[in-house]
1. Can you give the mean number of other chain Cβ atoms that lie within 10 Å of the Cβ atoms in peptide A:228-239?
2. What full-extension length gain, to one decimal in nm, is calculated for A:ALA46 and A:ALA33 as 0.36 nm per residue of separation minus the Cα-Cα distance?
3. Can you give the mean number of other chain Cβ atoms that lie within 10 Å of the Cβ atoms in peptide B:120-132?
4. Which FRET efficiency value, to the nearest 0.05, is calculated for A:LYS266 and B:GLU150 with the Förster distance at 51 angstrom and r the Cβ-Cβ distance?
5. Give the ranking of B:ARG73, A:ARG187 by solvent-accessible surface, highest area first, calculated with a 1.4 Å probe.
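The values are calculated or read from the model by the stated rules, or taken from the named source; none is laboratory data. None of these values were measured; they are calculated from a predicted model. Neighbour counts are summed over all protein chains in view; Cβ atoms, including those assigned to glycine, are modelled from backbone coordinates with ideal geometry. Note: areas computed on protein heavy atoms with side chains; ligands, DNA, RNA excluded. Shrake-Rupley method; radii C 1.70, N 1.55, O 1.52, S 1.80 Å.
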Amino acid sequence: MSTHRPDHAQWADSVGAYLLGALEPVEWERFEAHLAECPRCLHDVADLRVAVDTLPMSVPLVSPPPALKGRIMAVVNSEAQLLAAAGQRADVSETVATGRDADVPETVATGRDADERSPASDRGRVGGRRRRLGGRPLGGWLMRPGVALACALLLLAGGGAAGVLLSGGEEPRTVVATTQAPGADVRLKISEDGATLVAKNMPAPPSGRVYQVWLKRPGQDPEPTSSLWSTRSDGSAEVAVPGSLDGVEAVLVTDEPEGGSAAPTKPPVITATPA
Amino acid sequence: MQLMRRGQAAAFEVIYERHSQAAYSLAYRMAGSRGVAEDVVQEAFLNIWRSGARYERARGSVRTWVLGIVHHRAIDALRRSFVHEKRRASDEGLEETLETRERTDVEAARHEEAATVRAALAHLPSEQSQVIELAYFGGFTHSEIAEMLETPIGTVKGRMRLGLEKMRHGLGAGQVGLG
């Protein structure tokens, strides 16, 4: 019995490039297809992966700055509180959470995360995935409010307005926001896919606090959203604004304790008027 | 990991404590910039937090899984920023940030493993270690490397495979692992 496909010779040399994440996207997909049917290549991939997996160990150890943990844990603690509030409902299918947002992390939106794949697949898909996204920065979603799962469910459960943001046909437009942060540039981008706050040179929230997005309608108190976020190290952020903007006179951002607040505890640091 | 799946931040914090240094080191090695490395690690760990349930033990250790995600994010960062000139970590005074805390037995073992891996890389013919490093740490595709080195693509792919095979044999089965 043959242990490899007739086209094995064509692909045999691609095993290394595949494991190193160096195949071009189209080639990567073709190799994956071949791999599914070629025990010989499958064996070689498993065998050589051992070498690839040791490569990170050759790197000199460098300690991350303590502040990095603080930033990450601020977001994690916030989301854990939301998750706890959502309770068992958070175990409901991800599709509930992803219905609203074309910009929800690809990982959540598709249910096909890097983590679902083997390390080899992980690496191999790198280039391909980036290209499929048309160069859209992938990092942005991490600054998004969205822990799609718990947050959207929480909003739904709380009578919030998770769902399609804007009615179809709306022309994309950008509103320049006012901000209390000197030197910061914040814009609200609105399209039929949703609204996104795009910040540059925005300072990180104070230690132990996160930024929270609010929707302000005339005559009403600001409505809390699940948008809890921080900035990247360079002060940039892309934050999806959950909920409908119908009737919203202002999108506000305040800094709040981890986990967010039911009502703003401070004056807004960002104010964007969508109308 | 099960605890993390249930949204327990403390469980996540343990994962971060155990693997953040290796993660940051890898990101820094690839990006050559502290700021980018921080972004990469932040993105990777938040990804891990949000998808902890997807870790599968059969696919390797948690460390392998974490570093795979970091590598993935770092390549995304490199490619989207079009920063493809080599930027070495030493450019930013690596010496100042080297780990100084007391070494535990585990850390001592990892230092030994690191030395083994470096030795395995160092023993490769330079043209093989070069393409492996450009691909893995530089985030270049084989065609980019071929163009850069003015070498046929087939040769580049062959060097990658040969180099990994030699590394694999040099490391020996089970002698080094990302535990």
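1. 2
2. Extra length available between A:ALA46 and A:ALA33 comes to 3.1 nm.
3. Average per residue, whole number: 2.
4. The calculated FRET efficiency here is 0.30.
5. Highest to lowest solvent-accessible surface, that is A:ARG187, B:ARG73.
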